[in-house]
1. Taking the range A:99-127 only, how many residues are over 14 Å from B:Pro78 (Cα atoms), crowded, with 19+ Cβ neighbours inside 10 Å and either among the hydroxyl-bearing types (Ser, Thr, Tyr) or within 9 Å of ligand 1 (Cβ to nearest atom) (or both)?
2. I'm trying to understand the selection: among the residues of the range A:109-128, which are hydroxyl-bearing (Ser, Thr, Tyr) and facing chain B (nearest Cβ under 7 Å)?
3. Hey, can you tell me all the residues within the range A:207-226 that are under 17 Å from A:Met306 (Cα atoms) and either more than 11 Å from ligand 2 (Cβ to nearest atom) or under 18 Å from the mean Cα position of the chain (by Cα) (or both)?
4. Checking A:Asp371 against (1) among the charged types (D, E, K, R); (2) surrounded by fewer than 17 Cβ atoms within 10 Å (Cβ to Cβ); (3) over 13 Å from the mean Cα position of the chain (by Cα): exactly one of these is not met. Which one?
5. Taking A:Tyr85 and the conditions (1) of a type in the set (Phe, Trp, Tyr); (2) within 22 Å of A:Pro166 (Cβ to Cβ); (3) without any contact (Cβ under 8 Å) to a residue 24 or more places away in the chain, which numbered condition does it fall short on, given that it satisfies the others?
6. Going by what's in this entry, would A:Gln364 be described as of a type outside the set (Ser, Thr, Tyr) and part of a helix (DSSP H, G or I)?
7. Can you tell me which residues in the range A:293-325 are part of a loop (DSSP other than H, G, I, E, B) and modelled with pLDDT of 95 or more?
8. Given (1) buried (at least 22 other Cβ atoms within 10 Å of the Cβ); (2) within 9 Å of another protein chain (Cβ to nearest Cβ); (3) assigned to a helix (DSSP H, G or I), where does A:Lys131 come up short, assuming only one miss?
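The values are calculated or read from the model by the stated rules, or taken from the named source; none is laboratory data. Everything numeric here is computed off the predicted structure, so don't read it as measured data. Please note: Cβ atoms are built from the backbone with ideal geometry, for glycine as well, and neighbour counts cover all protein chains shown.
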Amino acid sequence: MNTKPESQSLAAWVEETREGIDSGRFPARAFNDQAVYDLEQERLFSKTWCFLAHESEIPHPGDYVTRYIGNNNLIVARDEHGEIYANLNMCRHRGNVMCKAEMGNASHFRCSYHGWTYKNSGELVGVPYMKEGYEGRLKRKDWGLVRVRVDSYEGLVFGCLDPEAPPLDEYLGGFQFYLDLYLKHGLGGVEVHGPPDHWIADTDWKICTENFAGDGYHTPVAHQWGFHLGYFPSSGSTHSQGWAVSIPGKGHGIGLGHGPNFPPFGGFPDDLVAEMKQSLSPEQVEVFSRTRTAVGSVFPNLSFLMQPFSLEPGEIGVRFVTMRLYHPVGPGRMEMYSWCLVPKNASQEYKKEAYRAYTLAFGQAGTFEQDDFENWTKVTQAAGMTMVRDVDFPYIMGMDSAPDPEFPGPGHAVVPYVNDTNFRNLWSRWADYLAGEA
Amino acid sequence: MDEISKQPTIERPPVGDVSQYPEQSAEEPIVIANEFADVVIRKVETRNGMRLDIWSPRRGSRILLDAVALDCLTFQEPELISELLERRPAP
Ligand code: FES
Ligand SMILES: [Fe+2]
């Protein structure tokens, strides 16, 4: 047998972890470990649908951005006929980086090393000294950029490295119902407000995915200034109210926080509310109208948050939506991408206001963001300590809660909002991938 | 498609960084650039009419297109440009 002892013990650790999740335990080691990181690259990011870009980031022919799936850098481009393609950002000749800029517009990409030139959809067209050098041996159609499968939902473009993986619709598995709460803001949908903020943080990507899969539990403590000073319209005594909804077997989860006195659709302009009532189904309207905060994660590393933020203490304030992607760059280290989404049909005034609320709360200088990263970085550091290798965390909130029979949406909905049900679902999906059984 | 027949039929002579063409124009030149190329574009008056001057400073090449040439570009497919790049993508 050639199996290395370390890999045997890692497989055993994954199995133990899977069993632990069912009884409400999850190991700290998962959040900062080289072997776990490597296994995620190999078995998770190479199989899941991963978010690449919002369509409004590449609205015109030739527009492109560069993004990642796992450690693979990709060019996501709209070709001259309006179709979206994702290709590995690597020249097929000797592997130079094709697009060095993070965003731009080009009909063709031309390599800065020997000059091979590709259409923005990835086909190779130009080869210097084709006749003299290759003497007819090089067939251009065999040497295009390496293509990645793409699919989209409501403007969200995802890519998948696994040609055998089920289609995106099946992968989302009903979570679209909740994504609509962020994306169908009016009949025109949403658009990004500028390019994403992004920065490197000494935080494991999974901590963020978990937090945004519905961790309403931390808000009154980590963000207590917002409660105390009145910038965030919730109160410590009622903050546990709301639903936690997960899609069993898919890993996606959302927390839908309620405020007893929070008005339906509070914080949105009236004309937008009228449009939302048309763009959403009656069931979605029922869920949405009772929701003050919607914080959700699409497995594995894309999240959304919609919440009100008030510049005047005590007021309802303005609702904003942020979308974030946690790109792992090493064990316990990630690159955070953070966007602000605004309704396309809203007034410039509202877009500006929503963006202002977003930047005050999120993005690298945002107040909530800093509260969170301070904690997340410490959690990551702790997870890397030697003694922590055998330490588990409790995930036992809501262990026996039955689903709310009144809830009108898909998935497994439980009360209260303060709950570990979504996280157990998240980690068991994660462990399925690591075990090679997703 | 014959892979090796795509050779330049004509190569424009280099013009360096000095244009011999009349360049009196009220308007500022327009620069179109991305991470792969950059060109300077201006409208130039000839004695009897006008042309669009496209100059590639890095390459040192230039083309002057009249209304008929430009008009004909407006109804080409994007594939035409790909074909042109097959002939001589660089240098
Ligand atoms: S590496 Fe791109 S042309 Fe040689
Ligand atoms: Fe937070």
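1. 5
2. Kept after step one, since they are hydroxyl-bearing (Ser, Thr, Tyr), are these residues of the range A:109-128: A:112-113, A:117-118, A:121.
Scanning the range A:109-128 gives a single hit, A:Thr117.
3. The initial filter retains those residues of the range A:207-226 that are under 17 Å from A:Met306 (Cα atoms), namely A:208-220, A:223, A:226.
Within the range A:207-226, A:Cys208, A:Thr209, A:Glu210, A:Asn211, A:Phe212, A:Ala213, A:Gly214, A:Asp215, A:Gly216 qualify.
4. The number of the failed condition is (2).
5. Just one mismatch for A:Tyr85, condition (3).
6. Against the criterion (of a type outside the set (Ser, Thr, Tyr) and part of a helix (DSSP H, G or I)), A:Gln364 does not qualify.
7. The initial filter retains those residues of the range A:293-325 that are part of a loop (DSSP other than H, G, I, E, B), namely A:299-301, A:310-317.
Passing the criteria: A:Phe299, A:Pro300, A:Asn301.
8. (1)
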